[in-house]
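The values are calculated or read from the model by the stated rules, or taken from the named source; none is laboratory data. Remember, predicted model here, so these are calculated numbers, not experimental data. Don't worry about glycine lacking a Cβ; one is built from the backbone with ideal geometry, like all the others, and counts go over all protein chains shown.
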Amino acid sequence: YRNICTLGKGNFGKVLLAEDLTTGEQVAIKVVDKRLFKNGDQKQHAQREQSICEEFATELKHKNIVQIYDVISDEECIYVVMEYVQGGELFDRIKQDQKLTEPLARRWFREIVEAVSYIHENGIVHRDLKPENVLIDKKQRVRVCDFGFGKRIRERQEVLSTYCGSPFYAAPEMVTATPYRGPPVDMWSCGVILYAMLTGTLPFQGDDMPQLFRKISHGLYNTPRFISPDAAHLINRLLCKNAKDRITAAACLDHPWL
């Protein structure tokens, strides 16, 4: 691969735009620098991401998940070679339009949930779903990306205890440091994404983290009147305080609004 430029930087590395020298195709390469890890947790997250990406490079594939071509690891770095999605982030699109129309939000949200349903069926949880990790491709299709906090679960009931992802998209069980199951946490994040798509704002906001976490843990938010009853009902089923009662990805796809 020939490096063209840097597309973005994160805590543990960067994403490069590169050219595949055998095909001439442009690819994105996520470079995770192992030397920047400060503790075992960070190392473990990187190893989990590597193994999930290896699965996507060899056997898993979904039209709404960024395609992984190759995963290479050496002493210093992990390199994840993936398709270059040119349309930008869902986050930028929401910001630019202030909010999305319901028909567009419905189409894109359905594609997000189809991707989430696929990973859950294959025993993987994402744990960092947010509009910044949803890309829009040239054909205006959604592509979920970034398994930096992803984890393989042995069965749906497996209990997890690592608190990760973005605070604004975190479920009540995450912010109250309660052992949690993975799939319902992803579905809560989907509820926050849907709310953001339809309103241009976030359902839970606070002046500081304790206040934000209090609001999330109580699960109280306001639904603007301009949201249709079906969409409001789906948000309500997703932003459900009790994880046991929260709608699953499969049931979400059968919801009247979708």
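Could you check Phe147 against (1) in contact (Cβ under 8 Å) with a residue 60 or more places away in the chain; (2) out of contact with any Phe, Trp or Tyr (no Cβ under 9 Å at 6 or more places or on another chain); (3) outside any helix (DSSP H, G or I) and say which number it fails?
It is condition (2) that Phe147 fails.
If you go through the range 184-210, how many residues are assigned to a helix (DSSP H, G or I) and within 15 Å of Leu129 (Cβ to Cβ)?
14
Within the range 20-60, track down each residue that is surrounded by 14 or more Cβ atoms within 10 Å (Cβ to Cβ), of a type in the set (Lys, Arg) and farther than 15 Å from Tyr84 by Cβ.
Within the range 20-60, Lys34, Arg48 meet the criteria.
Going through the range 96-127 one residue at a time, which ones are under 11 Å from the mean Cα position of the chain (by Cα), outside any helix (DSSP H, G or I) and within 18 Å of Ile68 (Cα to Cα)?
Within the range 96-127, Val125, His126 qualify.
Any residue in the range 7-24 that is under 16 Å from Gly88 (Cα atoms) and touching a residue at least 24 places away in the same chain (Cβ under 8 Å) sitting within a Cβ distance under 8 Å of a residue that is assigned to a strand (DSSP E or B) and of a type in the set (Gly, Ala, Ser)? List the pairs, counting only those 6 or more apart or interchain.
Listed pairs, sorted by first residue: Leu17/Ala28.
What's the number of the only condition in (1) without any contact (Cβ under 8 Å) to a residue 60 or more places away in the chain; (2) among the hydrophobic types (A, V, I, L, M, F, W, C); (3) part of a strand (DSSP E or B) that Leu135 fails to meet?
Checking Leu135 against (1) without any contact (Cβ under 8 Å) to a residue 60 or more places away in the chain; (2) among the hydrophobic types (A, V, I, L, M, F, W, C); (3) part of a strand (DSSP E or B), the one that fails is (1).
Name the residue, out of Lys38, Lys43, Lys95, Lys34, that is assigned by TED's automatic domain parsing to the domain that holds Cys145 and over 20 Å from Ile119 (Cβ atoms).
Every option except Lys95 fails the conditions.
Yes or no, residue by residue, for (1) under 14 Å from the mean Cα position of the chain (by Cα); (2) small (Gly, Ala, Ser); (3) surrounded by fewer than 19 Cβ atoms within 10 Å (Cβ to Cβ):
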position: Thr176; (1), (2), (3): no, no, yes
position: Tyr180; (1), (2), (3): no, no, no
position: Trp188; (1), (2), (3): yes, no, no
position: Gly200; (1), (2), (3): no, yes, yes
position: Gln211; (1), (2), (3): no, no, yes
position: Ser217; (1), (2), (3): no, yes, yes
position: Asn222; (1), (2), (3): no, no, yes
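Identify the single condition in (1) of a type in the set (A, V, I, L, M); (2) farther than 21 Å from His45 by Cβ; (3) modelled with pLDDT under 95; (4) not in a loop (DSSP other than H, G, I, E, B) that Leu220 does not satisfy, given that it satisfies every other one.
Unmet condition: (4).
Can you work out which of the residues in the range 241-258 that are in a loop (DSSP other than H, G, I, E, B) and surrounded by 13 or more Cβ atoms within 10 Å (Cβ to Cβ) is nearest to the chain's Cα centre (by Cα)? Outline the logic, then answer.
As a first pass, look at the range 241-258 and keep what is in a loop (DSSP other than H, G, I, E, B): 241-242, 246-248, 254-258.
Then keep just the ones that are surrounded by 13 or more Cβ atoms within 10 Å (Cβ to Cβ); that gives 241, 246-248, 255, 257-258.
Numbers: Lys241: 20, Arg246: 18, Ile247: 17, Thr248: 16, His255: 21, Trp257: 21, Leu258: 20 Å.
Of everything passing the filter in the range 241-258, Thr248 is nearest to the chain's Cα centre (by Cα).
Only one of (1) within 19 Å of Ala171 (Cα to Cα); (2) modelled with pLDDT of 95 or more; (3) not hydroxyl-bearing (Ser, Thr, Tyr) is not met by Asp230, so which one is it?
Among (1) within 19 Å of Ala171 (Cα to Cα); (2) modelled with pLDDT of 95 or more; (3) not hydroxyl-bearing (Ser, Thr, Tyr), Asp230 violates only (1).
Scan the range 159-175 and tell me whether some residue there is assigned to a loop (DSSP other than H, G, I, E, B), in the same structural domain as Gln211 (by TED's automatic domain parsing) and among the acidic types (Asp, Glu).
The answer is no; no qualifying residue exists.
For residues that are outside any strand (DSSP E or B) and surrounded by 17 or more Cβ atoms within 10 Å (Cβ to Cβ), tally how many sit in the range 69-85.
2
Which of (1) modelled with pLDDT under 95; (2) under 29 Å from Pro256 (Cα atoms) does Arg154 not meet, given it meets every other one?
(2) is the only condition that Arg154 fails.
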